[in-house]
Amino acid sequence: MKIIHLSDLHITPAGKSLFDADPAAQLMQCIAHINKHHADAQLCVLTGDLTHAGHPLAYQRLAQCLQALKMPVRFLMGNHDDRQAFGQVFTAQATELDGFVQYAEILGDYEALYVDSLQDGYTDGYLCERRLQWLEQKLEQATRPILLFSHHPLPMLQYPAMDWLRLSNAEHVLPLLKRCAQPVHLFSGHVHRCSAGVWNGIPFFTVNGTNHQHELDLHTHGAATSTFEPASYAVILPHAEGVTVHFQPFGYDDSVRFPYTGSLDALKCRHA
Ligand SMILES: [Fe+2]
Ligand SMILES: [Fe+2]
């Protein structure tokens, strides 16, 4: 199985740039790369901040861009999103919880949980009692390893400019995850950086934005500094022995390619 993970598209209405860039053009470049290299993926998960300001015209523009993508899409809400405006455009979006974009599906030998961590009017994330109860039930009933997608990361990333803006009640989620009899893997965006690690025994991954990134400044508290470091997406490979995640920059397809070694004889391998 192959799942593509994008985040933080920050799409704007046509004609409106963002930080002197065009998020839709960036997304189209990303989609072209995915279609060229990973058209065999089962689906593409967009973990929120789909638009920059939740404008209905931005969701329409997103829908137009996604027509080019050669696989089904799953959506999550981020702090820059507006559920109502999103719902007016993506009318077929499933939910298992009225008023939220929160749902689950079986993906082969895995189960994906899509959690809506948006709290209206705030930058950090939050799961209210209803969303927590839904999650608790799903985790209790799980018969397969879990891929849990949310916009806001649950762990501290040791990155002070964004850690204070993560899921604010992650301490309420942790016991539910620890009680789950199945392995759980966490996938998020929001921090506009690729990171991976283990949080209280639970593996987690975050992925870059497709438009702008945040500088890796591990000292400054307060607001992050944005950059145009290379954008990338993640390729998630759930398999029989666990989950592998590759981070793939896009926009470098014309990079020079060359053989790692001129001769196979130069490679020594005990198992060859
Ligand atoms: Fe974002
Ligand atoms: Fe965000």
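The values are calculated or read from the model by the stated rules, or taken from the named source; none is laboratory data. Here the structure is a predicted model, which means the values were calculated and not measured. Cβ atoms come from the backbone with ideal geometry, glycine included; neighbour counts cover every protein chain shown. Side chains included, ligands, DNA and RNA excluded: accessible areas come from the protein's heavy atoms. Shrake-Rupley method; radii C 1.70, N 1.55, O 1.52, S 1.80 Å.
Taking amide H as placed 1.01 Å from N in the peptide plane, Gln102 has its amide H under 5 Å from the amide H of Glu96, Leu97, each at least 5 places away in sequence or on another chain. Evaluated at q = 0.08, 0.11, 0.12 Å⁻¹, a Debye calculation over the C-alpha positions of the chain (equal weights, vacuum) places log10 I(q)/I(0) at -0.32, -0.61, -0.72. Rolling a 1.4 Å probe over the protein heavy atoms of the range 170-272, with every protein chain left in place, gives an accessible area that is 56 percent carbon and sulfur. Counted over the range 17-61 with a bin width of 5 Å, the fraction of Cα pairs per bin, in whole percents, is 5, 17, 24, 25, 17, 9, 3.
For the peptides 210-221, 111-122, what is the packing order when you average, over each peptide's residues, the other Cβ atoms within 10 Å and list the highest mean first? Let's see the in-between values first.
Details: 210-221: 16.2, 111-122: 20.2.
Going from most to least packed, we get 111-122, 210-221.
May I ask what percent, to the nearest 5, of DSSP beta bridges between residues of the range 127-220 are antiparallel? Please report the intermediate quantities before stating the final value.
On the way: 5 of 12 bridges.
Bridges in the range 127-220 are about 40 percent antiparallel.
Among the chymotrypsin sites (Phe, Trp or Tyr not before Pro) in the range 4-102, those located in a DSSP loop and surrounded by at most 15 other Cβ atoms within 10 Å of their own Cβ are Phe19.
The aspartates and glutamates within cross-link reach of Lys178, meaning a Cα-to-Cα straight distance under 15 Å and a gap of 8 or more places when in the same chain, are Glu136, Glu140. Each DSSP beta bridge with both residues in the chain is either parallel or antiparallel, and the antiparallel ones are about 50%.
Note on the range 1-42: with neighbouring protein chains present and a 1.4 Å probe, carbon and sulfur make up 52 percent of its accessible heavy-atom surface.
Note on the chain: helix-only mean residue ellipticity at 222 nm, from DSSP H runs of 4+ residues weighted -39500 (n - 2.57) and normalised by residue number, equals -6500 deg cm²/dmol.
Structure shown: which of Lys36/Lys70; Lys16/Lys70; Lys16/Lys36; Lys2/Lys138 lie over 19 Å apart, alpha-carbon to alpha-carbon? Walk me through the numbers before you get to the answer.
Working: Lys36/Lys70 10 Å; Lys16/Lys70 26 Å; Lys16/Lys36 28 Å; Lys2/Lys138 23 Å.
Long pairs (Cα-Cα over 19 Å): Lys16/Lys70; Lys16/Lys36; Lys2/Lys138.
From Cα pairs below 8 angstrom and at least 6 apart in sequence, can you work out the relative contact order of the range 176-272, rounded to a whole percent? Working shown, then result.
Values: 120 pairs, mean separation 16.0, N = 97.
Answer for the range 176-272 is 16 percent.
Where only protein heavy atoms count, and the probe is 1.4 Å, what is the accessible area per residue for the chain in Å²?
Values: 13050 Å² over 272 residues.
Per-residue value: 48 Å².
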